[in-house]
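Chemist: Before we start, here is the structure in question, set down as structure tokens.
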Amino acid sequence: MTETNASLADLLRPVKHVLLDFDGPVCSVFAGFPASDVAKSLQEELEALGWKAPAENPVETDPLALLRQVAERRPDLVSPADRQLTLLETAAVQTGRPNLGGEAVLRACAESGRAVSIVSNNATAAIESYLTAHDLTRYVTRTIGRTPGDPSSMKPSPRLLLAAMGGGEAWDFIFVGDAARDVEAGLAAGIGTIGYANKPGKRERLEAAGALVVVDSMKSIAIVLSDRA
Ligand SMILES: [Mg+2]
């Protein structure tokens, strides 16, 4: 057993409920409909409603960052922006790229009697659409996307994680995410985070943020969860 697997096994042994980020660990949401195109489309919709992009950042390529920007500068446009982004994310997941290791984690949790909740900054409707299309709803206890019209609910805020924990004991949970903001949200919610480094440079960022263990593949987590030894 490698050192990483040994620490993973120690971490996962007492866990009763795995909280999983969606974009990255379960699938690549914007694999077929790139995030920059989604942001452009959202920006055009917003411009029709009177949105003016800030001069210092005229082209935002991250749709979730654009939603945050709207909340800061034009709170009156947040609800329509969130609704529009939800439609775009729902379109994007149709061509999202599955993470087979992430699916293996879902199955391994079911087989080992652990609950799974998805905790994501994406819209709940888009995530549920993906899970249904890929026949994965049976593995997921609860899906908690950002609070509609309230981007301040998004990670690194702990709010979505705390909602998923429902007042349960922190040691029953572990969170798996692929961004530093996931690790920060985990720390703020009082639970440990396993970092999933799916791109070069992420390992260092996840470790610096405080991830307890960093894996390069979701399969490593699935293998440890399935290990009955
Ligand atoms: Mg992610």
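Chemist: Search the structure for amide H atoms under 5 Å from the amide H of residue 112, placed 1.01 Å from N in the peptide plane, and list their residues when 5 or more places away or on another chain.
Modeler: none
Chemist: With all protein chains present, how much of the accessible area of region 35-93 (probe radius 1.4 Å) comes from carbon and sulfur, to the nearest whole percent?
Modeler: Details: 1560 of 2970 Å².
Answer for region 35-93 is 52 percent, counting heavy atoms of protein chains only.
Chemist: Enumerate the lysines that residue 202 could reach by cross-link, defined here as Cα to Cα under 18 Å, with residues fewer than 8 away along the same chain left out.
Modeler: Correct list for residue 202: 155, 219.
Chemist: Also: Residue by residue through region 62-71, what is 3J(HN,Hα) from phi via Karplus (6.51 cos²θ - 1.76 cosθ + 1.60, θ = phi - 60°)? Round to whole Hz and write x for glycine and proline.
Modeler: 9, x, 6, 5, 5, 4, 4, 4, 4, 4
Chemist: Using alpha carbons only, how many degrees (0 to 90, rounded to 10) separate the axis of helix 124-133 from the longest principal axis of the chain?
Modeler: Relative to the chain, helix 124-133 is tipped by roughly 60 degrees.
Chemist: Sum -39500 (n - 2.57) across every DSSP H segment of at least 4 residues in the chain, then divide by the residue count to get the 222 nm mean residue ellipticity, nearest 500.
Modeler: On the way: 10 runs with 107 residues, N = 229.
Helix-only estimate at 222 nm: -14000 deg cm²/dmol.
Chemist: Right, something else. Under 22 Å from the Cα of residue 40, which lysines turn up, not counting those fewer than eight places away in the same chain?
Modeler: Residue 40 reaches 52.
Chemist: Now, a different point. Specify the angular offset, from 0 to 90 degrees and rounded to the nearest 10, of the alpha carbon long axis of helix 35-48 from the longest principal axis of the alpha carbons in the chain.
Modeler: Orientation of helix 35-48: about 30 degrees from the principal axis.
Chemist: Next up: Against the longest alpha carbon principal axis of the chain, how many degrees, from 0 to 90 and to the nearest 10, is the axis of helix 100-111 turned?
Modeler: 50 degrees
Chemist: If amide hydrogens are placed 1.01 Å from N in the peptide plane, which non-local residues have theirs closer than 5 Å to the one on residue 28?
Modeler: 97, 99
Chemist: Now for a different question. Per residue of region 137-152, what does 6.51 cos²θ - 1.76 cosθ + 1.60 with θ = phi - 60° give for ³J(HN,Hα)? Whole Hz please, x for Gly and Pro, Karplus curve as stated.
Modeler: 4, 5, 8, 10, 6, 8, 10, 10, x, 4, 6, x, x, 9, x, 5
Chemist: Return one whole number: the accessible area per residue of region 154-206 in Å², for a 1.4 Å probe. Walk me through the numbers on the way to the answer.
Modeler: Values: 2180 Å² over 53 residues.
For region 154-206, the solvent-accessible area averages 41 Å² per residue.
Chemist: Can you list the HN-Hα couplings for region 201-206, worked out from phi with the Karplus curve (6.51, -1.76, 1.60; θ = phi - 60°), rounded to whole Hz and with x for Gly and Pro?
Modeler: The phi angles translate into x, 6, 3, 4, 5, 5 Hz.
Chemist: How large is the accessible surface of residue 74 in square angstrom, using a 1.4 angstrom probe and rounding to the nearest 10?
Modeler: Rounded to the nearest 10, the figure is 70 Å².
Chemist: Mind checking the full-extension length gain between residue 204 and residue 87? Use 0.36 nm per residue of separation minus the Cα-Cα distance, one decimal, nm. All intermediate terms of the calculation are to be shown ahead of the outcome.
Modeler: Details: separation 117, 0.36 × 117 = 42.12 nm, distance 3.37 nm.
Once the chain is fully extended between residue 204 and residue 87, it gains 38.7 nm.
Chemist: Tell me the net charge near residue 177. Cut-off is 10 Å between Cβ atoms, residue 177 excluded, with +1 for each Lys or Arg and -1 for each Asp or Glu. Let's see the in-between values first.
Modeler: Details: positive: 155, 181; negative: 21, 23, 178, 182, 184.
Net charge in that neighbourhood comes out at -3.
Chemist: If you don't mind, another one. Quickly work out the residue 40-to-residue 52 label distance, labels modelled 7 Å from Cα along the C-beta direction, and quote it in nm with one decimal.
Modeler: 2.4 nm
Chemist: What residues have an amide H closer than 5 Å to that of residue 192, excluding those fewer than 5 places away on the same chain, when H is modeled at 1.01 Å from N in the peptide plane?
Modeler: 175
Chemist: For 111, 45, give me the order by solvent-accessible area with a 1.4 Å probe, most accessible first, ignoring ligands, DNA and RNA. Could you put the intermediate results ahead of the total?
Modeler: On the way: 111 115, 45 85 Å².
Ranked from most to least accessible, the order is 111, 45.
Chemist: Kindly report the accessible area of region 47-128 per residue (heavy atoms of protein chains, probe 1.4 Å, no ligands, DNA or RNA), in Å².
Modeler: On the way: 3690 Å² over 82 residues.
Per residue, region 47-128 has 45 Å² of solvent-accessible surface.
Chemist: Could you calculate the contour length gain from residue 95 to residue 13, that is, 0.36 nm times the residue separation minus the distance between their Cα atoms, to one decimal place in nm?
Modeler: 26.0 nm
The values are calculated or read from the model by the stated rules, or taken from the named source; none is laboratory data. These numbers come from a predicted model, not from an experiment. Positions of Cβ are generated from backbone atoms using ideal geometry, with glycine treated the same way; all protein chains shown enter the neighbour counts. The protein model used for the area step is the full one, side chains on, heavy atoms only, and it has no ligands, DNA or RNA in it. Shrake-Rupley method; radii C 1.70, N 1.55, O 1.52, S 1.80 Å.
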